């Protein structure tokens, strides 16, 4: 339990770039999912503070990032018809919670605070999209707890905020320079310009071509009637971590591509459906001028991978080609894309099922191949270390099949959420183990 709150510190801020405008494509991508799930998909955690840090220092940091980054000063405004717009404030007041750990372990208090923040959805219209707290132990600031709504930033955007904070002048506390990254209102205006609209139209034509060709259904009939309906599972595979290095080194592909190929192979085997049709989360940060943007830039890219009667190396090559096209054509207006999917479903006389996803969340733990791939003996020794654990279960509507690859050092941690009416509990386990078998077998069976 979180100890008694000692105080709220009011943190005034003021920054440039205010006004009311349309949402960005990244915001439009995530908002309907957040509304459906009544969740903010927050990004954050807790971290120890350097010795000598005070709550006043943390308040100064909060003022700095709120003033610098318009994304953190953005709330939603809904028209009478329910149309969402983003409202960026020039100034305001943020709130810093200061919690005294007392005799308790300050890290445990920080963890409990994070869980409390993370589990509560943001009020998009009234609340700033950032929650900060400092845990005090023995009179000293011990831990920072930070949670930022996915509507304000994606994972790389949060890292950009932290990098900006760390790069200040250590004496004066001043920023290293003016903000050069696109701010949310600027980004929305850019996406309404002719060049971006042409890109969006080209992307929609590409999606349309695939939607008219792929099988409409990913899964067979009802797999099983389980209550709750949606099940989450985790599979930690140190062997996959080693094998993916070897396959990536051999094929010249990135580790994400290798894992996508393994996912496609496992899907085809478990669902008896080919080609594998997977929506991949695409960051769009490879596009010019987007690297340091804080606002969410992710869109879904459509990967269609035929894995029938081919070697795994060929599956990797096909996954790479599909990924390149998916990345090129992910950047588009999500609302128009949804209209396209609905229209083609009507044309075909059945819904085109696209509810199969993959999201590679790895950042610090992502290791691309080096010149010395792992030894086969090490890979065999790692196989018995694989571990399957079950997570939450819910009847709240979720996706049919969603694979996350989590940011855990020294292993590949797969997180799969499945709709048991389409993907049974045994299918979920078979998918996770099938990914491991595909990628490790590509090394051990050569």
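The values are calculated or read from the model by the stated rules, or taken from the named source; none is laboratory data. A quick note: this is a predicted structure, and the numbers were derived from the prediction, not measured. Glycine also receives a Cβ, built like all others from the backbone with ideal geometry; neighbour counts cover every protein chain displayed.
Screening the range 295-386 for helices (runs of 4 or more DSSP H) wholly inside it with 3 or more residues that are closer than 30 Å to residue 444 by Cα and outside the structural domain of residue 438 (by TED's automatic domain parsing) returns no ranges. Residues in the range 147-170: is at least one modelled with pLDDT of 95 or more, part of a strand (DSSP E or B) and surrounded by 20 or more Cβ atoms within 10 Å (Cβ to Cβ)? Yes, the conditions are met somewhere in the range 147-170. So, in the range 135-159, exactly how many residues are within 29 Å of residue 297 (Cα to Cα) and over 19 Å from the mean Cα position of the chain (by Cα)? Within the range 135-159, residues that are within 29 Å of residue 297 (Cα to Cα) and over 19 Å from the mean Cα position of the chain (by Cα) number 2. Regarding residue 392, is this residue outside any loop (DSSP other than H, G, I, E, B) and modelled with pLDDT under 95? Here the answer is yes, as residue 392 does meet what is asked.
Being assigned to a helix (DSSP H, G or I) and touching a strand residue (DSSP E or B) at 6+ places or on another chain (Cβ under 6 Å) is a property that does not hold for residue 405. For the range 191-221, the set of residues classified as loosely packed, with under 15 Cβ neighbours inside 10 Å and either over 22 Å from residue 291 (Cα atoms) or in contact with a helix residue (DSSP H, G or I) (Cβ under 9 Å, 6 or more places away or on another chain) (or both) consists of 197, 201, 202, 205, 209, 212, 213, 215, 220, 221, listed by residue number.
Could you please find all residues in the range 304-339 being more than 24 Å from the chain's Cα centre (by Cα), under 18 Å from residue 215 (Cα atoms) and in contact (Cβ under 8 Å) with a residue 60 or more places away in the chain? None - no residue of the range 304-339 is more than 24 Å from the chain's Cα centre (by Cα), under 18 Å from residue 215 (Cα atoms) and in contact (Cβ under 8 Å) with a residue 60 or more places away in the chain, so the list stays empty.
All of 168, 116 fail the test of being assigned by TED's automatic domain parsing to the domain that holds residue 85, in contact (Cβ under 8 Å) with a residue 24 or more places away in the chain, farther than 26 Å from residue 283 by Cα and in contact with a helix residue (DSSP H, G or I) (Cβ under 9 Å, 6 or more places away or on another chain), apart from 168.
Considering 418, 391, the condition of being on the phi < 0 side of the Ramachandran plot, surrounded by fewer than 14 Cβ atoms within 10 Å (Cβ to Cβ) and touching a strand residue (DSSP E or B) at 6+ places or on another chain (Cβ under 7 Å) is satisfied by 391 alone. Considered as a group, the residues in the range 46-90 that are under 22 Å from the mean Cα position of the chain (by Cα) and within 18 Å of residue 137 (Cα to Cα) include one that is surrounded by the most Cβ atoms within 10 Å (Cβ to Cβ), and that residue is 46.
Taken as a whole, the condition of being under 20 Å from residue 435 (Cα atoms) and surrounded by fewer than 20 Cβ atoms within 10 Å (Cβ to Cβ) applies to residue 310. Residues that are over 19 Å from residue 184 (Cα atoms) and touching a helix residue (DSSP H, G or I) at 6+ places or on another chain (Cβ under 8 Å) occur in the range 119-127; there is at least one.
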